[in-house]
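Enquirer: Quick one: this structure, given as structure tokens, is what I'll be asking you about.
Read-outs: derived from the displayed coordinates by stated rules, not from any lab. From a predicted model like this one, the values you see are computed outputs, not experimental measurements. As a convention, Cβ positions derive from the backbone with ideal geometry for all residues, glycine included, and neighbour counts pool all protein chains shown.
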Amino acid sequence: MTAKENLVIESKGSGQPFNYAVGMYGSKFFKELRENRKLLGTKCPKCGKVYVPPRRVCGECFVEMTEFVEVGPKGIIGTFTILRYAFIDPETGEQKPVPYGYGFIRFDGADTLFQHYISIEDESKIKIGARVEPVFSEERKGNVKDILCFKIIE
Amino acid sequence: MDRAAVIGVGITKIEANKVKETFADMVWEAVNKALEDAKMTIDDIDNVVTTSNDFWDGRTISCMAVGDASGARHKNVSCVEGDGTFGAFYGLSRVLSGSYGTTLVTAHSKGSESVSSLITNAAFDPIYDRSLGMDMISACAMQARAYMHRTGTTPEQMAMVSVKNHGNAMLNPLSQLPMNITVEDVLGSEMISDPLHKLDCSPVSDGCCAVIIANEKRASQYGSLPVWIKGVSFCSDSYFLGDRELSKAKSLTQAAKKAFSMAQISDPLSEIDVAEVYDAFTYQELMWLEAMGLCQDGKAGINLEKGYYGIKGKLPVNPSGGLLSGHPVIAGGLIRIAEIVKQLRGEAGAYQIAGAKKGVAHGVNGLCGQSHCVWILDQEK
Amino acid sequence: MPKKRVAIVGTGQTYHKSHRPDVNGQELINEAVKRALQDADLTIKDIDAVVIGNMDHFEGINYVDCWSVDGSGGIMKPVIKLTTGGTTGSTLAIGGYQLVASGFFEKVLIIGWEKNSESDTTGAITTAFDPVWDRLVFAGAISGLAAEAQAYMAKYGATEKDAARVSVRDRKHACNNPHAQLRREITIEDVLASPMLADPIHLLDVCPRTDGACAVIMANEDCAGKITAVPDWIWATANRHKYTYLGDVNWGELDSLAGASREIYAKAGIREPKKEIDVIELYQPYSFAGIIWIEDLGIAERGKGAEYIWSGATDMGGELPINPSGGVIACNPIGATGLIRCAEAALQVMGKAEARQVPDVNFAISTGFGGCMWSDMLLHGKRKPDF
């Protein structure tokens, strides 16, 4: 059977709003970021690895982490890309503005990478291993946007 | 079926809003409780099955959030999306296949983070049903009406389920809604979707459960008391509500028959000592009991009036307080399994059923009980 | 030893296309199911259980296992849903294996499907990542893959041209596969001239967006040989879903695939995979993976992946053809993609791969990729496993 007209039903605007719990570890991180522009990781009592974002469990050792350590704010680019294609941002429902620098930052003193924007004023300077520092937002609300982006230094 | 057992269980406290905790935090707590209960360490776990739902968690690939907390970093791991009884079934299969000696099964959800009616609305067909604004409660209200019409079950009898289960919850420290209430309180509570009052409905809840399943050889190796799995079966009915005989649960009847037959139980009513069934709504406890063959069709309400289903009754049902006293979706069915395990070990504390030897646990997937999973557990090998 | 050895006895795929407005989801699923039943000469009555999966937010349907029964044939049968992101298809294959091996069911129908046209694919994938930490900058699968490619290039000096050679291979192979979506050859120049999506990934380095479904029937050793003359025996399965946060990943190598493949080689007694494996269906969503991940599989030495690709060894007619089907770069209905790899590996073992058949296949590998740089893997063999 073939239909003369293949109809489509749109469900635009029927999203499901959520209140995601940040948790005790993340809340401590964002409070410190908001109030003191400081960045925290958690340190594994067994392997000594420092995790950012901070979290309760070291997946490698399956032990609980309770020690917070300050990291950064400076660090290096672990890896990166520059996003050039348009897509719908599920957080806003709008098209995400491109291009933007997408980086994995290794804060000084951390063992894992932290995802954030990298300023792309001068693309030629964006390289793996390049040193960066965060640009803090003047109005900080206790979320990941309290850092505007990372910019290349030195 | 080859022999296998549940050798460890862990349940978090069930709460309306665990705002301090992420999914991983809840899983970490339940997993560590289960490991401690089984007298095991994570190194004794051969593989992991997590159970979650991307809609309830507001996240595609919801299992990603709980990998580290369930100790899955260097292990084979998979994820079932559905009720925890289905996750446990897959975990059991992975043991019986001979691939692994032990499986850690987890199930979590946080109803507090979303708008439940929007999440269950998304379970309706996007082409035919969804725009009508249906959700789980309105669909189940129609089912309740059909069940009442067919069987003559009364609003008072339904209310008695709520009274009994909230009362049982007074004895369960993990329960969210322990309440000393009366039939009048239930019938006087807000009408949510006729004929379901607020106290006919389970609450929105956060919680997590973890269960450890082992093959026969490993089951007795760690020193906890194994509870043996004698029969498990699951079955799905048609999808569209209009395609089903909504007042009956045909797929549950089939799943239960198969599970009882695997367990070589010919007269469930006389052989089963305790049941934990998926009482998301009051009428469902009655309807599921009948469909499972634990009660003559249409007679559950009358039996309830006679006190059959109380903690000291002929067949205690939901002595833990059931889902009416705390309903973390997805974890709901796995908690039923864990509660039966506690009963058969004699570790259920204030709501212990004296002399319980055989029990049934039950989980549900989909709208109005489309798909059911039935577990028969036994104290003896 | 498993309680029951397990084999694939039938497979079915839909007509995969970027947009299938002619069918709804259940109908798309049913198209694959009917073909698999036909291939195995079975009816739905012969099926004891259904395993189904997809990624919920591509279609926005909750409880897909329940919703899909009219298409899957699951009414009054046991139906279970597995989902693990991109790895869903291979996760389903492993699930089907486990359900049959356990002795619970004799014949199981496994279904992976996706109608990616029904939502914004990148937007939906973005919701796979942590809402608190990751969603602000993460931009779907391509952004994560670009991070991998950059790390590998910095470490081993591979080039965009090396990667393009992989795209050229897969697109050429796809011309032999009637189920592939993109069946037109391309050149290295075409790839390099295509728009840059996320440095260093060009449009022609990555998979398309596809509507499609795949169904696979697995049976136990008591009946597999009666259903088909040459069953595809499942020798071993393994997976690693290691990471919870993308920032934890060891970028530049896929250690999840290294871990899963070593487990499989050890189980099956494979010492030299390059010599003992005859064909690989690799879940390779972009070209650079064709270089990097064969190193993790132990097929090429670290840093030598590109050299091995340029040698032609992985082309049809080479010593170890990879993706005779054209792979993911030619077709990607996400929830089905891993299961298509499994079905294509089965076709190779069963000798039913027609124009894309690799001669004399004794061992085949199929893989799945997804989530937080996770991997699944299955080893398929012509001979019934002796363990």
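Enquirer: Go through B:Lys258/C:Lys81; B:Lys39/C:Lys384; B:Lys257/C:Lys34; A:Lys141/C:Lys155; A:Lys28/C:Lys242; B:Lys33/C:Lys77 and tell me which ones have a Cα-Cα distance over 32 Å in this structure. Can you show the working numbers first?
Expert: Details: B:Lys258/C:Lys81 20 Å; B:Lys39/C:Lys384 39 Å; B:Lys257/C:Lys34 29 Å; A:Lys141/C:Lys155 38 Å; A:Lys28/C:Lys242 26 Å; B:Lys33/C:Lys77 35 Å.
Pairs exceeding 32 Å: B:Lys39/C:Lys384; A:Lys141/C:Lys155; B:Lys33/C:Lys77.
Enquirer: I need the P(r) histogram for the stretch A:23-152: all alpha carbon pairs, bin width 5 Å from 0 out to the longest distance, whole percents.
Expert: Pair shares across the bins are 2, 11, 18, 20, 18, 16, 10, 4, 1.
Enquirer: To continue, here is another question. HN-Hα J couplings of the stretch B:329-343 from phi, Karplus 6.51/-1.76/1.60, θ = phi - 60°, integer Hz, Gly and Pro as x?
Expert: Couplings: 4, 6, 6, x, x, 5, 5, 4, 4, 4, 5, 5, 4, 4, 4 Hz.
Enquirer: Then there's this: So what are the radius of gyration and Dmax for the Cα set of the stretch B:290-360, in Å?
Expert: 12.6, 33
Enquirer: Here's a follow-up. Exceeding 32 Å between C-alpha atoms, which entries from my cross-link table qualify? They are C:Lys115/C:Lys352; A:Lys46/A:Lys74; B:Lys18/C:Lys3.
Expert: On the way: C:Lys115/C:Lys352 27 Å; A:Lys46/A:Lys74 26 Å; B:Lys18/C:Lys3 42 Å.
In this structure, B:Lys18/C:Lys3 exceed 32 Å between Cα atoms.
Enquirer: Would you mind calculating the relative contact order of chain C from Cα pairs under 8 angstrom and at least 6 residues apart, reporting the percent as a whole number? Mind dumping the intermediate values first?
Expert: Values: 935 pairs, mean separation 98.9, N = 387.
Reported relative contact order: 26 percent.
Enquirer: Next up: Quick check: net charge around C:Tyr286, other residues with Cβ under 11 Å of its Cβ, Lys/Arg +1 and Asp/Glu -1? Intermediate results must be reported in sequence, preceding the final value.
Expert: Working: positive: none; negative: C:Glu148, C:Asp170, C:Asp205.
For residues surrounding C:Tyr286, the net value is -3.
Enquirer: Test of understanding: in a Gaussian network model of chain B with alpha carbons linked when under 10 Å, which of B:Gly369, B:Gly152, B:Gly242 would top the mean-square fluctuation ranking?
Expert: Maximum fluctuation in the GNM of chain B, among the listed residues, is at B:Gly242.
Enquirer: Can you order the peptides C:246-254, B:223-231 by their average number of other Cβ atoms within 10 Å per residue, highest first? Intermediate values should be presented prior to the final figure.
Expert: Working: C:246-254: 22.1, B:223-231: 20.6.
Going by the mean number of other Cβ atoms within 10 Å, highest first, we get C:246-254, B:223-231.
Enquirer: In chain C, if every C-alpha pair distance is counted and binned at 20 Å from zero, what percent goes to each bin?
Expert: Once binned at 20 Å, the Cα pair distances of chain C give 32, 61, 8.
Enquirer: When the dipole is taken about the Cα centre of the stretch B:200-300, and only Lys, Arg (+1) and Asp, Glu (-1) are charged at their Cβ, what size is it in debye, to the nearest 20? Mind showing how you got there, number by number?
Expert: Working: 9 positive and 14 negative charges, 99 e Å.
Magnitude of the dipole: close to 480 debye.
Enquirer: Could you compute Rg(Cα) / (2.2 N^0.38 Å) for the stretch B:211-332, with N its residue count?
Expert: Numbers: Rg = 16.0 Å, N = 122, 2.2 N^0.38 = 13.7 Å.
Normalised Cα radius of gyration, the stretch B:211-332: 1.17.
Enquirer: Helix-only mean residue ellipticity at 222 nm, the protein assembly as shown, DSSP H runs n ≥ 4 weighted -39,500 (n - 2.57), per residue, nearest 500. What is it?
Expert: Details: 29 runs with 283 residues, N = 922.
My calculation for the protein assembly as shown gives -9000 deg cm²/dmol from helical runs alone.
Enquirer: Picking from B:His362, B:His74, B:His166, which is most flexible by a Gaussian network model of chain B using Cα springs under 10 Å?
Expert: Fluctuation is largest for B:His74.
Enquirer: Would you mind working out the magnitude of the charge dipole of chain B relative to its Cα centre, with +1 at each Lys and Arg C-beta and -1 at each Asp and Glu C-beta, to the nearest 20 Debye? Don't jump to the answer; show the numbers that get you there.
Expert: Values: 34 positive and 43 negative charges, 173 e Å.
I would put it at about 840 debye.
Enquirer: Using a 10 Å cut-off around each Cβ, can you sort C:Phe363, C:Phe369 from fewest to most neighbouring Cβ atoms? Mind dumping the intermediate values first?
Expert: Values: C:Phe363 21, C:Phe369 28.
Listed from fewest to most nearby Cβ atoms, that is C:Phe363, C:Phe369.
Enquirer: For the stretch C:171-306, what relative contact order do you get, as a whole percent, if you take Cα pairs closer than 8 Å and at least 6 residues apart?
Expert: Values: 102 pairs, mean separation 23.0, N = 136.
Contact order relative to length: 17 percent.
Enquirer: Quick check on the exposure proxy: order C:Ile264, A:Ile76 from fewest to most C-beta atoms within 10 angstrom. Let's see the in-between values first.
Expert: Numbers: C:Ile264 21, A:Ile76 17.
In increasing order of surrounding Cβ atoms, one gets A:Ile76, C:Ile264.
Enquirer: Pull up all non-local amide H partners of A:Leu148: gap of 5 or more, or a different chain, and H-to-H distance under 5 Å with H placed in the peptide plane.
Expert: A:Val135, A:Phe136, A:Ser137
Enquirer: Next question. Mind telling me which of B:Ile265, B:Ile353, B:Ile14 comes out most flexible in a GNM of chain B, alpha-carbon contacts under 10 Å?
Expert: Of the options given, B:Ile265 has the highest mean-square fluctuation.
Enquirer: Residue by residue through B:24-37, how many Cβ atoms from other chains fall within 10 Å of the Cβ on average? If you can, show how the numbers build up before the last one.
Expert: Details: counts 7, 7, 2, 1, 5, 1, 0, 2, 3, 0, 0, 1, 0, 0.
Counting Cβ atoms of other protein chains within 10 Å of each residue's Cβ and averaging gives 2.
Enquirer: Report the one residue of B:Ser138, B:Met292, B:Ser261 whose Cα lies farthest in the direction of the positive end of the charge dipole of chain B (charges on C-beta: Lys and Arg +1, Asp and Glu -1; origin at the Cα centre).
Expert: Projecting each Cα onto the dipole axis, the largest value belongs to B:Ser261.
Enquirer: Using the charge dipole of chain B (Lys, Arg: +1 at Cβ; Asp, Glu: -1 at Cβ; taken about the Cα centre), state which of B:Gly231, B:Ser62, B:Ile192 has its Cα farthest towards the positive end.
Expert: Result: B:Gly231.
Enquirer: Rg and Dmax of chain B over Cα atoms: what are they, in angstrom?
Expert: Final numbers for Rg and Dmax: 19.1, 55 Å.
Enquirer: Can you give the local net charge around B:Cys140? Use residues other than it whose beta-carbon is closer than 12 angstrom to its beta-carbon, Lys and Arg +1, Asp and Glu -1.
Expert: Details: positive: B:Arg145; negative: B:Asp135, B:Asp194, B:Asp200, B:Asp279.
Its environment carries a net charge of -3.
Enquirer: If you take each beta carbon of peptide A:104-115 and count the beta carbons of other chains within 10 angstrom, what is the mean? Present the calculation step by step, with values, prior to reporting the outcome.
Expert: Working: counts 9, 1, 1, 0, 0, 0, 1, 2, 6, 7, 4, 14.
Average per residue, whole number: 4.
Enquirer: Taking beta carbons within 10 Å but only from partner chains, what does the mean come to for residues B:287-294?
Expert: Details: counts 0, 0, 0, 0, 0, 0, 0, 0.
Across B:287-294, the average partner-chain Cβ count within 10 Å equals 0.
Enquirer: Counting other beta carbons within 10 Å of each Cβ, put C:Ile29, C:Ile322 in order, fewest first. Mind dumping the intermediate values first?
Expert: Details: C:Ile29 31, C:Ile322 27.
Ordered by Cβ neighbours within 10 Å, fewest first: C:Ile322, C:Ile29.
Enquirer: Quick one: putting +1 on the C-beta of Lys and Arg, -1 on the C-beta of Asp and Glu, what dipole do you get for the stretch A:23-152 around its Cα centre, in Debye to the nearest 20? Don't skip to the answer; put the middle values down first.
Expert: On the way: 21 positive and 18 negative charges, 54 e Å.
Computed about the Cα centre, the dipole is about 260 debye.
Enquirer: Can I ask one more? Using only the Cα atoms, work out Rg/Rh for the protein assembly as shown, with Rh taken as the Kirkwood radius, to two decimals.
Expert: Here Rg/Rh amounts to 0.96.
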